[in-house]
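The values are calculated or read from the model by the stated rules, or taken from the named source; none is laboratory data. Worth saying up front: this structure is predicted, and the values here are computed from it rather than measured. With ideal geometry, Cβ positions are generated from the backbone for all residues, glycine too; neighbour counts draw on all protein chains shown. Note: accessible area is taken over every heavy atom of the protein model, side chains too, but ligands, DNA and RNA are not part of it. Shrake-Rupley method; radii C 1.70, N 1.55, O 1.52, S 1.80 Å.
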Amino acid sequence: MKENHVYSMELDRDYPRIDRGEGIYMYTEDGREIIDGASGPVAVSLGHGIKEIADALGGQAAKLAFAHRDDCVTPVLEESCERIYEFSGGDLYKTFQVCSGSEATETAMKLITKYNTARGKKDKYKILARWQSYHGITMGALSLSGFGSRKKGYEHYGFEQGHIAPCYCYRCWFGQKPESCGLQCAKALENEILAQGPDSVAAFIAEPISGMSLCAAEPHPDYFKEIRRICDKYDVLLVLDEVMTGFGRTGKPFAYKHYGIVPDMVTTGKAMSGGYFPLAGVSITKEIFRVMKEQGVFFPPGHTWSGSPLGASVHVAVDKYVKEHDLIRRCEKMGNYLKARMRELAAKHPTMDDVRGRGLMVGAEFVRDPRTKESFDISLGYAGQIQAACLKRDMLIEASQGCNRGSAGDAIVISPAFVVTEEQIDEIIRRLDEAITEVEEKYCGLWKF
Ligand SMILES: Cc1ncc(COP(=O)(O)O)c(C=O)c1O
């Protein structure tokens, strides 16, 4: 193993050295072709090596690499934010651009506080969230997250303002069935607001479709309507974290569009730049902005690179590319194909159970016994073993543990770039099939069905 000075995640691992990429493929220096089956961390949405986007970035860098948002605005940033407004069908009126989803969450927290202070409600500051959620790795964002394994060891830096049960129909925390549950998971928000006092609760944050903590678990179709109703009743802002789902991956511009509601605030990232620049944002509706403007809210909290013209130029190029190639419709179509093929795998493999997700974000949960949904012992690292078996077959996927109340539960996400073809999906499924077979064979005989 060649010594280098990179602090990688696993200290003793020999990582593939990726040199270039094209579409859903990445290539090592010595020519090995690897399928990027999850688009990095569900981020490189349009695929690698798109010249138009690289040219837009290079052109902007040559023209103007940076202008400080405290002192000026750039035409390209104006164009990017206008495109977000149009892309959202007029919902997302103003956008504050930053460089990561975690920064977006932190910025949303500060906007929420500013909004309520401006309205003379400074004690209304708490932000409720859900268990089994993820909103970023910085301390504020991690505090809001309910992803035990990522919070572990950092709890002393964080705060706790309240978490409610997730909407996770496969393992309903209330022991209910979706047909007859009465949306108890949404009602839990009302109980939490009442218990803490509506005068102290400012906002509720949730992912419209769960990211890596529940690996693409979709909510009950009426969940967000009920959540919206409760938020309105108690003057609580609804913040949707679309860092993973936003900008087309689920087959709509934003995932909230599947549920017939409009949130007050949306955080975004990942597909906003397709991976060609570290870019994210917080968007607010016209109504929230009206209050801010009426109250003359001064909002300095920026990071140095907030509102970067480089990021904006990439988003503009991504937006054009998505429209020119009709990629949102493609996400829906290819996503349906991928999900159907994943369901075929689940029918064949005894440990692969729930297949879930929307568009090109398809998850699957692995269990020791599908009849009881008993999870594997967490120490087996079952999902990680499938991920490793995929890499042996030159394919990267995302894997996660903890979906079963944080203490167990193995799941994966397959989320290729929007440009993926049916033939490439077939190849992804073929390699995944082999990888699951390898891991299942290893444990054959360790359990009975
Ligand atoms: C739903 C969600 N929110 C926030 C984040 C944090 O984004 P970043 O890693 O860009 O800071 C992520 C990252 O995976 C995410 O999936």
| said: Please compute, for the alpha-carbon atoms of the chain, the extent along each of the three principal axes and give them in descending order in Å. | reply: 67, 55, 42
| note | Per-residue ellipticity at 222 nm attributable to helices in the chain (runs of n ≥ 4 DSSP H, -39500 (n - 2.57) apiece, nearest 500 deg cm²/dmol) works out to -11500 deg cm²/dmol
| Given a 1.4 Å probe and every protein chain left where it sits, what share in percent of the accessible area of the chain is carbon and sulfur? | 52
| Relative contact order for the chain using alpha-carbon pairs under 8 Å, separation at least 6, rounded to a whole percent? | 21
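With the cut-off at 19 Å, tell me which of the pairs Lys151/Lys392; Lys51/Lys320; Lys124/Lys257 have Cα atoms farther apart than that.
Table pairs above 19 Å Cα-Cα are Lys151/Lys392; Lys124/Lys257.
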| request: Work through the residues other than Ala383 whose Cβ is under 12 Å from its Cβ and net out their charges, Lys, Arg +1 and Asp, Glu -1. | output: -3
| field | lysines with Cα under 21 Å of Lys348, excluding same-chain neighbours fewer than 8 positions away | value | Lys339, Lys373, Lys442, Lys448
| field | Mean accessible surface per residue for the chain, computed with a 1.4 Å probe while every protein chain stays in place, in Å² | value | 43
